Structures are given as C-alpha cells and as structure tokens.
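Asker: Once you've had a glance at the structure underneath, I'll fire off some questions.
The values are calculated or read from the model by the stated rules, or taken from the named source; none is laboratory data. Quantities reported herein were computed from a predicted structural model and do not represent experimental measurements. Neighbour counts run over all protein chains shown; Cβ positions are idealised from the backbone, glycine included. Accessible surface areas use protein heavy atoms only, side chains included; no ligands, DNA or RNA. Shrake-Rupley method; radii C 1.70, N 1.55, O 1.52, S 1.80 Å.
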Amino acid sequence: MSDLALRALRKTYSRKGRPDVEAVRGIDVEIPSGELLGLLGPSGCGKSTTLRMIAGLEEVTGGDIVVGGSSVAALPPQRRNIGVAFENYALYPPLTVAENLAFGLAARGRGGRAEIAARVREMAARIELTDLLDAKPGGLSSGQKQRVALARALVREPDVLLLDEPLSHLDAAQRDTTRRELKRLQRDLGHTTILVTHDQEEALSLADRIAVMKDGEILQIGTPDEIYDAPATLFVADFVGEPAINLLPGTVTPGGVRLSDAVTVALSRPPLEPGRSVVLGVRPEDVRPVGEDDADMRGTVVVYEPLLEMGLATVRLDGVAEPLTVQTDPDLRLDRDQTVHLRFDRDRCHLFDADTQRALPGMENR
Ligand SMILES: Nc1ncnc2c1ncn2[C@@H]1O[C@H](COP(=O)(O)OP(=O)(O)OP(=O)(O)O)[C@@H](O)[C@H]1O
Ligand SMILES: [Mg+2]
C-alpha cells in the first residue's frame, strides 16, 4: 500500500467551438498510506474528473500525481496499480461475475489459476456475491452490478482504491451492510482510498478525513469532526450537515451578535469588533427550546415536523428574515403559531465574515 499525493493538479477540458471548462483548478492533497479520504462537493465541482486523472483515464492539464513517491501522471492506466469502482460499473458483459473479478489478475502476476480463483471466491463471499459468481452482468440488478464493480476493484489489491459513488444503487439495507464490509476490508487490507459520495452520512461514517470541493478547488480538508465542528467557510458549513445549519446575518455587539432589533444572541467569546457584519451559524441541534427565564429569544412556530428520532420546528424570530430550524426531542409536540423560548448553545455558534464568507479568526475551534 502506498501514500498518494496530488500536487497542483489541474484539468481543463477544451473542445472546439466551446468555452474551456476548468474542471479542476490546482488541488493539493497528501493522503497517507491506508487513509480513506472522503471527497464531498456539489454536482459538477470536479470530483469524478479528479478520480479519472488519478486512474489515468483522463490526461492531466497540469500538476502531478505521486503514488508511493513516484509520479504516475504519464503512465497508462494499466501500469498504475489503482483499483477503481465508478458508478457506471464497466463490467465485461460476455464474462461471468467470477471471470469479471478474475480478469487481468493472471496477467498482473497475481498468482496461479487456483490461487486467483480462491481469492475471487473469498472476496465474493465478503461482498455477498457468492450466489452470483456464475451469472453474467446483463442479468444483474444495478445494485448487484455495483457490488461486482466494488469486489473487482478490491480483489486486485491495488496501491490506491478510487470509489466514485460505489454504493449509490444499493437499497438502504444492502448499503448499510456493504458500507460496513467496505470499511472493514479497507482497514484490513490498508488500501489508500478516495471515496466520492453524495451521501454525507456515508462520508462522515467511513472517512478518516474529508475534503470539501467546490468549483474545482478544495475548500477544506479535515477529520469529519473538524469539518462539522469548525467549518472554515460559509459554504462548508452549509454543505455539511443534515438538516442544514442555520445561517443568520447579523452585527457584532459587545456581548454577542444582534440579529434584529428584538433579537441578540449572547456569545461566550464575542469577537472584538462591534459593528462588524457577520453571519452567525448555528446547527439545528444547538438550539434548544427552554423556559422563558433561560431564553435568549422568543419565536413563533411556523411548522413542526415530528420525525422518528427528533422533531424539527421551523421558527420565525421577531424581525429576522430567515426562518430558524430547531431540532427538538421526539416527544416534544409544538403547535403552529405557538410561542417558543429558545437558547443557542453559546459554545457552538459559528461566526463568518459577511464579505469574505470565511470563519472569523478564533471562531474555528469552538
Ligand atoms: N469529458 C468532458 N468534457 C467537457 N467537460 C467535462 C467533461 N467531463 C466533465 N466535464 C465538466 O467538468 C466539470 C466537472 O465535472 P465532474 O464530472 O468532475 O463533476 P463531479 O463533481 O463528479 O459531479 P457529479 O457529482 O455530478 O458527478 C463539470 O462542469 C462538467 O460538465
Ligand atoms: Mg461525478
């Protein structure tokens, strides 16, 4: 297993008669051997392009890709020992599942026939494919194809494993079991891995670190806790977390942040510049309904959704344009138009500069 470094990696798609697309704009990442890096970002931000460059399926426009200390940027895909499982499977239709898994292993010097067959069977068992080994891809469901693609990537014992939405077609139950097995395999075998997913829960539960990407650039890299607890920008704060963080424009006061004439949020460590325009971020779970005496503010319930594990209230605050999402205990019932008294967790409020949209210095580590 090897570490992987991306150095100032860039990709511009140029096509005649069309404007250039700068899909990846110079990204730098060091992934230590055995780490699983989750790559998160909105559609079109350059995630797949990045993986395709690492796999050698797309030429790089600039920068370098280094695996185990050597540049692979100029090598053809088959000379990079990289396992890929992308959303579109790329299985060979005439071959059985077993043959698909074994394909190319002998040519790569990965043991004799019997040894390869045993490895294929073992991997199939771990990904619950044993019953499908003799089937052809054409007859499989999309979830089954996806698991074959994953098993095929893993059975190669690659230096680097690249997974682009590898579980997107599985149903909820299978996704859960496959996710757990994937994590176990990745740990056991020590693959250096990049996982692209739209599923935040998947990223937060599987990844050692997460990179958040936007418009071809990486905005922040950190452990799931760092990204969640100390987002570096408004975009990262907004993108990570379900239900989404509340983002409320306000003005710094000596003791906190004023959201409107009627509403000021007290902070344990207010920033020093009264009058500065900021955006206050507070996650729905960090706002609590409390008794009137303990409250920071009063609001009116607009909608209350009783969900299985929690309640979600949308609350209107006096003079504040943005509605506030509040997560409550599941057994708390709130009625529409009911008045609620709320308190923000003072240690878990995030402040961002209204112009630069970056976290205020000293606020990141709250
Ligand atoms: N072959 C191509 N030719 C031209 N432009 C492309 C090509 N492939 C991707 N792009 C463009 O490059 C940008 C990044 O695309 P990419 O597929 O890497 O995004 P992504 O983050 O994987 O998105 P998604 O989450 O939707 O899969 C997009 O603007 C896309 O339209
Ligand atoms: Mg993609």
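Asker: Run the 1.4 Å probe and let me know the accessible area of VAL21, rounded to the nearest 10 Å².
Answerer: 80
Asker: While we're here: Using a 1.4 angstrom probe on the protein heavy atoms only, line up ASP296, ASP171 by accessible area, largest first.
Answerer: On the way: ASP296 35, ASP171 90 Å².
The most accessible residue leads, giving ASP171, ASP296.
Asker: Now for a separate question. Mind ranking GLU202, GLU322, GLU59 by accessible surface for me, highest first, 1.4 Å probe? Intermediate values should be presented prior to the final figure.
Answerer: Working: GLU202 5, GLU322 60, GLU59 145 Å².
Per-residue accessible area, sorted high to low, gives GLU59, GLU322, GLU202.
Asker: Same structure again: Calculate for the chain the 222 nm mean residue ellipticity that helices alone would give, adding -39,500 (n - 2.57) per DSSP H run of length 4 or more and normalising by residue count, nearest 500 deg cm²/dmol. Walk me through the intermediate numbers first.
Answerer: Working: 8 runs with 80 residues, N = 366.
The per-residue figure over the chain is -6500 deg cm²/dmol.
Asker: Further, regarding this structure: What whole-number volume per residue, in cubic angstrom, does the convex hull of the C-alpha atoms of the chain give?
Answerer: Spread over its residues, the Cα hull of the chain gives 176 Å³ apiece.
Asker: Within the stretch 75-157, list the trypsin sites (Lys or Arg not before Pro) lying in a DSSP loop whose Cβ has at most 16 other Cβ atoms in a 10 Å radius.
Answerer: Passing both the DSSP loop test and the Cβ count: ARG108, ARG110.
Asker: Write down the accessible area per residue of the stretch 312-366 in Å², having rolled a 1.4 Å probe over the full set of protein chains.
Answerer: Here the per-residue accessible area is 55 Å².
Asker: At most 11 other Cβ atoms within 10 Å and a DSSP loop assignment: could you name the trypsin sites (Lys or Arg not before Pro) in the stretch 14-58 that fit? Mind showing how you got there, number by number?
Answerer: On the way: sites: ARG15, LYS16, ARG25, LYS47, ARG52; in loops: ARG15, LYS16.
The qualifying sites are ARG15, LYS16.
Asker: Moving on to the next point. How far is helix 142-155 tilted off the main Cα axis of the chain, in degrees rounded to 10, range 0 to 90?
Answerer: 70
Asker: So, how do all the Cα-to-Cα distances of the stretch 235-353 break down into 5 Å bins, in percent, from 0 on up?
Answerer: 2, 12, 22, 26, 20, 12, 5, 2, 0
Asker: For the stretch 39-161, what is the accessible area per residue in Å², given a 1.4 Å probe and the full set of protein chains?
Answerer: Here the per-residue accessible area is 45 Å².
Asker: Now for a different question. GNM on the chain, C-alpha springs below 10 Å: top fluctuator among PRO270, PRO19, PRO77?
Answerer: Between PRO270, PRO19, PRO77, it is PRO19 that shows the largest mean-square fluctuation.
Asker: Which of SER33, SER43, SER142 moves the most in a Gaussian network model of the chain with Cα springs under 10 Å?
Answerer: Result: SER43 has the largest fluctuation of those listed.
Asker: How many percent of the accessible area of the chain is carbon or sulfur, using a 1.4 Å probe?
Answerer: Here carbon and sulfur together make up 47 percent of the probe-accessible area.
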